[in-house]
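The values are calculated or read from the model by the stated rules, or taken from the named source; none is laboratory data. Remember, predicted model here, so these are calculated numbers, not experimental data. Cβ atoms come from the backbone with ideal geometry, glycine included; neighbour counts cover every protein chain shown.
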Amino acid sequence: MRNFENRRFQPPSVGDTQISRITVKEHVEKIRELLAQIEASSPSVEADSFERNFDALELPQLVAQIVDFLQPLLLPYEAALYWHLFRHSIIAHGSQRVRASVRGLCKGVITSSSGQTDKLSYGAVQDALRGLEQKEVIRKDGDTTREGTPYLVRIPEEIPLCAVLIQTAQLSKSTPKPVDEKRESDFYNITENRIKVFERDGYVCYRCGKHLTRFSATLDHIQPVSEAGDHSFANLVTSCLHCNSRRGNRPVMDSVAIDQSAWRTRNGPKRGDIASARSLFSSLLMLACKAKGPHLNVQ
């Protein structure tokens with residue numbers, strides 16, 4: 001009886017304890033490796049759902065949403081790490097899952113803010129990853145192994161902060177904007193409207209036929225502003241600076257009559273005066289038809 005009790009309560013030796021601990025560690029490592037293999041072979045439901053619906057044609061839209069809505073919310077290191085994870089997950093494999101280690105992200109992602117090295121410190125990478133997790137841009141999707149930690153890289157529409165911004169932007173686009181009647185009807189002072197008149201006339205002066213450019217062309221009112229003329233599309237024609245300044249504020253046909261009278265005074269009667277006036281009048285009517293405006297009171 002005494003010998004049995006001694007065998008029962010005899011403590012294990014130091015060597016046996018160390019061997020037992022080593023064996024347990026080996027088993028734990030094997031279990032972790034098996035779990036990692038299982039995770040790699042059977043991705044999560046969320047990632048698998050994205051893979052089934054992912055279309056390469058959506059990539060430009062994803063990139064645009066990242067630039068417009070996500071990147072302004074991130075710090076420089078956070079943005080660099082996100083783009084790196086995005087590159088090695090969605091772009092490379094069409095999957096939102098990627099395994100990365102802190103040490104692996106220290107080099108080859110972004111130059112340090114000091115500009116003296118192309119490596120980031122271990123702490124800087126940890127802080128950036130922590131910031132991305134807090135903003136729900138990425139999340140850990142499994143246990144850490146020697147190869148790194150599995151992350152799920154979210155796209156902007158899955159990130160709560162970005163989803164709100166995207167929805168707001170969509171609502172602002174769908175909301176009809178009030179029409180600015182002054183801007184819509186002013187083709188003299190609004191730059192983009194002036195270009196429309198130049199393009200209608202082919203950048204050609206309506207009087208002398210000189211070919212102009214965007215920088216040398218001017219606008220001339222058919223009905224002068226002093227005579228109740230407006231800045232509408234139909235009341236403006238393209239003119240060179242010389243013809244525009246010679247006319248002054250006189251109606252178009254009055255200006256033509258004065259020019260022809262002065263020419264006859266200097267050079268005598270000209271047989272083509274009437275034909276020239278008719279030609280100019282016809283060109284003005286053609287411009288009016290292009291403008292699709294009301295009938296003009298051309299004097």
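When the criteria are applied in full, Leu62 fails the requirement of being closer than 12 Å to Leu132 by Cβ and part of a helix (DSSP H, G or I). Residues that are within 17 Å of Asp127 (Cβ to Cβ) and charged (D, E, K, R) were ranked within the stretch 80-110; the one that is modelled with the lowest pLDDT is Lys107. When Ile155 is tested against (1) touching a strand residue (DSSP E or B) at 6+ places or on another chain (Cβ under 9 Å); (2) closer than 30 Å to Ser101 by Cβ, only condition (1) is not met. Residues that are among the hydroxyl-bearing types (Ser, Thr, Tyr) and within 27 Å of the chain's Cα centre (by Cα) were ranked within the stretch 93-111; the one that is farthest from Leu62 (Cα to Cα) is Thr111. Among the residues of the stretch 138-177, the ones that are under 15 Å from Asp68 (Cα atoms) and assigned to a loop (DSSP other than H, G, I, E, B) come to 2 in all. Going by what's in this entry, would Lys119 be described as of a type in the set (Lys, Arg) and either in contact with a His (Cβ under 8 Å, 6 or more places away or on another chain) or modelled with pLDDT of 90 or more (or both)? No. Do you know which residues across the stretch 192-236 are of a type in the set (Val, Ile, Thr), under 21 Å from Glu181 (Cα atoms) and either within 39 Å of the chain's Cα centre (by Cα) or in a strand (DSSP E or B) (or both)? Within the stretch 192-236, Ile195, Val197 qualify.
Among residues of the stretch 103-119 that are over 19 Å from Arg87 (Cα atoms) and assigned by TED's automatic domain parsing to the domain that holds Leu129, those with a Cβ under 8 angstrom from a residue that is in a loop (DSSP other than H, G, I, E, B) and charged (D, E, K, R), sequence gap 6+ or separate chain, pair up as Ser112/Asp118.
Quick one: which residue in Ala163, Ala124, Ala169 is farther than 13 Å from Leu85 by Cβ, of a type in the set (Gly, Ala, Ser) and in contact (Cβ under 8 Å) with a residue 60 or more places away in the chain? So that I can check it myself, show each step before the final result.
Numbers: Ala163 fails: in contact (Cβ under 8 Å) with a residue 60 or more places away in the chain; Ala124 fails: in contact (Cβ under 8 Å) with a residue 60 or more places away in the chain.
Residue meeting the stated conditions: Ala169.
One residue stands out among those in the stretch 78-119 that are assigned to a strand (DSSP E or B) and either of a type outside the set (A, V, I, L, M) or in contact with a Lys or Arg (Cβ under 7 Å, 6 or more places away or on another chain) (or both): the one that is surrounded by the most Cβ atoms within 10 Å (Cβ to Cβ), which is Arg97.
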